[in-house]
1. Could you work out the percent of alpha carbon pairs in the range 101-234 separated by over 24 Å, rounded to a whole number?
2. Cα gyration tensor of the chain, axes a ≥ b ≥ c as square roots of the eigenvalues: rounded (a/c below 1.5), prolate (a/b > b/c) or oblate?
3. How high is the relative contact order of the chain? Use alpha-carbon pairs under 8 Å, at least six apart in sequence, and give a whole percent.
4. Using the Cα atoms of the range 130-193, I'd like the radius of gyration and the largest Cα-Cα distance, Dmax, both in angstrom.
5. State the antiparallel share, in %, of DSSP beta bridges confined to the chain, rounding to the nearest 5.
6. Can you send over the carbon and sulfur percentage of the accessible area for the range 103-236, probe radius 1.4 Å, protein chains only?
7. Lysines within cross-link reach of Lys227: Cα-Cα under 18 Å, excluding same-chain residues under 8 positions apart?
8. Classify the range 185-262: rounded, prolate or oblate, from the alpha-carbon gyration tensor (a ≥ b ≥ c, eigenvalue square roots; a/c under 1.5 rounded; otherwise prolate if a/b is larger than b/c)?
Amino acid sequence: AAKTAGRSRFRRFTRDLDREIRARRSMELDLHDALADGEFALHFQPLFDLSRNCFSAFEALLRWNHPRRGQVLPAEFIPVAEETGLIIPIGEWVLREACRHAATWPEDIRVAVNFSTVQFSSPGLVGQVAQTLAASGLDPNRLEIEITESLLLESSDSIRDILLGLKALGVRIALDDFGTGFSSLSFLRKFPFDKIKIDRSFIIELLREDEAGAVVRAITDLATALKMETTAEGVEESGQVEALRAFGCTTLQGYLFSRPVPPADIPALLARGRSIAA
Ligand code: C2E
Ligand code: MG
Ligand code: MG
Ligand code: MG
C-alpha cells in the first residue's frame, strides 16, 4: 500500500511540475509577442515632496494587458522577462515611453524608471540612455533610475562604472526597496546614490511597532549624513505622514496619495497635488 501511495504521489508531482513548465513556457511565448502587439502600458504613481508640499515626480510602473490573461502584474512577468532576456527590449520601451510622457509634464516634475539588474549586462547601456534622453528632449536630471540592491551584489567595477556613467549624463540614481536585500551599509558609501527608497515593509509596521520606527529613523539619519534623499514607499495611512516627516523623510509614495494611474490622469493629479496640505 505504501508503495502504491508513493507511486501516485510521484505521479502527481511530475504532473504538477509538467503543468508548471507548460504555464511558464506559455507565458514566455505570450511575453515574446507582447511588445510587438502593443500590450504594454505605463502607469504612473506620484511621489509627494514633504518640504514643498506638492508632487515632485512620478514613478513609471509597467502594466501588461493580455487579451486572454487580462492585466498581468509585474511580479508575475518581470521575473520571466528577466530569465528570457526579454527585459532588455522591454526595458528600452519603458524608458522611451517614460521619457516621452515626462517631456510633456511641467519642468519641475521628474520621472522615475525601474531598471532590472539584467539590463546592466547589456553593452552600451549608458549610450542608449543618453540617446533616449536626447530623442525625447527630456533634461537628464529629470530622470531618476531606480535600481535594487541585487545589482550591488554583483559589485564588480563595471557596474560601478556604468552607474558613474549614468550620473555623468546628469541622471539621478535611486536605491529601491532598501532594507529587503542583502546589501551591507558599505554599499551606500561606495556609491553616491541620490536617493534611498525605504521599503514598504518598514512603513507598514511604523504605527504598530517601535522597532520599525527605529529602523526608519536610522535609515533616514544615515541618508541625511550621506546627503541622500529618502522616499518612504507604501504610505497608506495619514498617521504615517507626520511620523515620516519627523524622521526626516524627504518624499512619500503610496496609495494615501494615489494609486498608479494612466498618463491621461496626471494633469488632474498635479492640479490636486498642489493643494494637498499634508
Ligand atoms: P517597486 O519599484 O518597488 O514599485 C512599487 C510597487 O508598490 C508598485 O507595484 C506599486 O503599485 C506598489 N505600491 C505603491 N504604493 C503602494 C501602497 O501604498 N500599498 C501597496 N500595497 N503597494 C503600493 P507594481 O506596480 O505591482 O510593481 C511591482 C514591482 O515590479 C516594482 O516594485 C518593480 O520592482 C517592478 N517593476 C514595475 N515596473 C517595472 C519596469 O518597468 N521595469 C522593471 N525592471 N521592473 C518594474
Ligand atoms: Mg521602483
Ligand atoms: Mg520600490
Ligand atoms: Mg517595493
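1. Of all Cα-Cα distances in the range 101-234, 33 percent exceed 24 Å.
2. prolate
3. 18
4. 12.6, 37
5. Taking every DSSP beta bridge within the chain, about 40 percent pair in antiparallel fashion.
6. 52
7. Of all the lysines, those that pass the test against Lys227 - Cα under 18 Å, at least 8 places apart if same chain - are Lys167, Lys190, Lys195, Lys197.
8. In terms of gyration-tensor shape, oblate.
The values are calculated or read from the model by the stated rules, or taken from the named source; none is laboratory data. Because the structure is predicted, anything quoted here is derived from the model rather than measured. When we count neighbours, we look across all protein chains shown, and the Cβ atoms used for this are built from the backbone with ideal geometry, even at glycine. Heavy atoms of the whole protein, side chains included, go into the accessibility calculation; ligands, DNA and RNA do not. Shrake-Rupley method; radii C 1.70, N 1.55, O 1.52, S 1.80 Å.
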